[in-house]
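See below for the structure under consideration.
Just so it is clear, none of the values below were taken in a lab; they were calculated from the coordinates. Just so you know, these numbers come straight off a predicted model, no measurement behind them. We place every Cβ from the backbone using ideal geometry, glycine too, and count neighbours over all the protein chains shown.
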Amino acid sequence: MEESILQSNRRKLTGVVVSDKSDKTVVVRVETLVKHPLYKKYIRRRKKLMAHDPENACGIGDKVQIIEFRPLSKRKRWHLVKILEKAV
C-alpha cells in the first residue's frame, strides 16, 4: 500500500481476526469502550468488520491494524495495514 494512504487522516482501528476462510478477506472484531450517558459506566461494544488481506497473511487470533478504504465489495470497506501480533 502507498505511504500517502497510510499517512492520510483515515480511521485506523485495531482488532483481532476471527475468521480467515475467505480468499484475500479477513473478519476483524474491533472492541470500543463507550461511556453510558446516564450511569457513566463504560460499556464494551464489539463490531465485526471485513478487511482486505491481499497476501492472505493473517490467521485466526492475530492482532491487526486496519484502515478505512474505498469499497471493495458489498461489505468490505477496510484494508489491512499490518499484523501487530501473531497468534500462538
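Tabulated data for the structure shown
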quantity	calculated
Subset of the range 62-88 [in contact with a Leu (Cβ under 9 Å, 6 or more places away or on another chain) and of a type in the set (S, T, N, Q)]	65
Residue satisfying condition, being of a type outside the set (Ser, Thr, Tyr), within 14 Å of residue 11 (Cβ to Cβ) and assigned to a strand (DSSP E or B), within set 81, 26	81
Test for residue 70: is it free of Cβ contacts under 8 Å to residues at least 40 places away in the same chain, loosely packed, with under 11 Cβ neighbours inside 10 Å, outside any strand (DSSP E or B) and in contact with a strand residue (DSSP E or B) (Cβ under 8 Å, 6 or more places away or on another chain)	yes
Residue match in the range 33-51 (condition: within 13 Å of the chain's Cα centre (by Cα), surrounded by 11 or more Cβ atoms within 10 Å (Cβ to Cβ) and either of a type in the set (S, T, N, Q) or assigned to a loop (DSSP other than H, G, I, E, B) (or both))	no
Residues that are under 10 Å from the mean Cα position of the chain (by Cα) and either within 18 Å of residue 72 (Cβ to Cβ) or touching a residue at least 24 places away in the same chain (Cβ under 8 Å) (or both), drawn from the range 12-29	12, 13, 14, 15, 16, 17, 26, 27, 28
